[in-house]
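No lab work stands behind these numbers, since they all come straight from the coordinates. Keep in mind it's a predicted model, so treat the numbers as computed, not measured. Here the Cβ is made from the backbone with ideal geometry for all residues, glycine too, and neighbour counts use every protein chain on show.
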Amino acid sequence: MTNVIVTARRGLRGEVKVPGDKSISHRAIILSSIAEGITGIHGIQSGEDVRRTAAAFQTMGVSITREGRNDLRVHGVGLKGLREPNEVLDLGNSGTSMRLLVGLLSGQRFFSVLTGDRYLCNRPMGRVSRPLRSMGATIMGREDGNLPPLAVRGGELHSISHRPEKASAQVKSCLLLAGLYAEGGVTIEEPVPTRDHTERMLGLFGLPLEISGTSIHLEGGLQLRGGEVWIPGDISGAAFVLAAALLVPDSEITVRDVGVNPTRTGFLDAMAAMGGRLKVDNLRERSGEPIADISAYCGPLKGIELRGSVIPGIIDELPILSVLASVAEGQTVIADAGELRVKETDRIRAMVEGLRKMGVDVEEKPDGLIIQGNPSINGARCSSYGDHRIAMSFIIAGLRARGETIVEDTDCVNTSFPGFMRLLESL
Ligand code: S3P
């Protein structure tokens, strides 16, 4: 278990790139594996979570070769070409891998078992196993299919129209992947719009979707066509680097080639509302996703309220936003974010605990937190609870805090941001 020791800094400066978007990387591997023909994926994220998705498809007979450090070549096997895995698919810490794969595997005429680490094996899967069962899949697991390991007996699926209780791109994507195999396809009615990378990438692979408002329909049985896919930089990774610039006195950092899909830019909107000095330049599109260069400069911040339909667009950035709110002027309220409790760890609990140790006045709510900002925070010993975004949030907080901050158990940073410490040191 690695601990990181951080002390206050001044004047972080530089131009950097962050690893490829994790959500888009998973989807690129999944869709290229079941497409016809060869796909070149450029800028893939090489973190542990994405590697687990790639390894699962290799176990199911897909040839995936590394061409350069961040480039993969995937030899698609077609919609029905996957092979029954003769071992348990171990998805490590990756919730996205598990939820998307259980959907895809429900459409396969074979048996498979999915598991993960002790964190993933305690995350709720009922939100996917329930609708998949109503499509005809057999799914077994602890707590009646709610907790991994999950065993899937896939096969003939029928169409459903589903309205998930909670806004979740993972549930939506799981059902779209199952829908590829369902006669009549699937219709999903989202309670609130969530990241739409699956929809965009299905389009890139030649599959038309019918989208009207928050309703999405996909026809079943259509073939995907491989091609070239470019993955943008991960805005959820960039958020930590931009936060460092906003927090550390005398800093100015530019992150190039970041994905700015409007379903993911809640952090940029929140920063603007907090008075953060950000600049978005060079907006363009690649492989169906908008990208841009984003610069951030240190300056005063003020508290805000975040609730309701904006939450899905900033869900992964709420831990680092809580750090920024801790040094902002005034109060920040985060509500309607109960989903944070079932991420890689209970992120509300973990942030409340660590921020309190740093001397921040923070109140824990069932669905969020209320933070009273104060420009000075103190170094402390904070645990990541094995969660990459908690670890990175406290490392960034330590760059601003008085005294020494020790962040415990930081190996998890590799799940989404390999090279994070090296990148910070380069600034
Ligand atoms: C993701 C969706 C979100 C997000 C997760 C990645 C995805 O989860 O928190 O990090 O790639 O679809 P939910 O769909 O559970 O909200």
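Miscellaneous remarks
- Extension gain, Arg83 to Glu364: 0.36 nm times the residue separation minus the Cα-Cα distance gives 96.5 nm.
- Applying a DSSP loop filter and a limit of 11 other Cβ atoms within 10 Å to the GluC sites (Glu not before Pro) in the range 125-219 leaves Glu165.
- Gain upon complete extension [Ala273, Thr7; 0.36 nm per residue less C-alpha separation]: 92.9 nm
- Here's the picture: a label point sits 7 Å out from the Cα of Arg402 along the beta-carbon direction, and within the range 362-389 the residues with their amide nitrogen under 18 Å of it are 362, 372-381.
- Around the Cα centre of the range 22-230, unit charges on the Cβ atoms of Lys, Arg, Asp and Glu (plus for the first two, minus for the last two) sum to a dipole of about 340 debye.
- Val280 versus Ser426: modelled label distance in nm, points set 7 Å from Cα along the beta carbon direction: 2.4
- Here the chain is assigned +1 on the Cβ of each Lys and Arg and -1 on the Cβ of each Asp and Glu. Its dipole about the Cα centre then comes out at about 340 debye.
- Backbone geometry of the range 264-269 corresponds, through the Karplus equation with coefficients 6.51, -1.76 and 1.60 at θ = phi - 60°, to 3J(HN,Hα) couplings of 10, 9, x, 5, 5, 5 Hz, x marking Gly and Pro.
- Here's the picture: charge each Lys and Arg Cβ at +1 and each Asp and Glu Cβ at -1 in the range 22-230, and of Gln223, Cys121, Leu202 the one pushed furthest to the positive end of that dipole is Cys121.
- Within the straight-line cut-off of under 17 Å between alpha carbons, the lysines reachable from Lys166 are Lys343, sequence neighbours fewer than 8 places apart in one chain being disregarded.
- Cβ-defined net charge surrounding Gly368, 11 Å radius [Lys, Arg +1; Asp, Glu -1]: -2
- Full-stretch length increase - Asp411, Val310 - with 0.36 nm per residue and alpha-carbon distance subtracted: 33.3 nm
- Set of aspartates and glutamates near Lys302 by C-alpha distance (under 15 Å), chain-local residues within fewer than 8 positions excluded: Asp269, Glu329
- Between Arg341 and Arg225, the simple spin-label model (points 7 angstrom out along Cα→Cβ) gives 4.8 nm.
- Amide N of the range 157-179 lying under 18 Å from the label point, which is placed 7 angstrom from the Cα of Glu210 along Cα→Cβ: 158-163, 176-177, 179
- Likely footprinting exposure, Lys365, Lys17, fewest C-beta neighbours within 10 Å first: Lys365, Lys17
- Taking 7 Å steps out from each Cα toward its Cβ at Glu67 and Glu36 produces label points 2.1 nm apart.
- Top positive-direction residue, dipole computed over the range 318-376 with Cβ charges, set Ala325, Val352, Gly338: Val352
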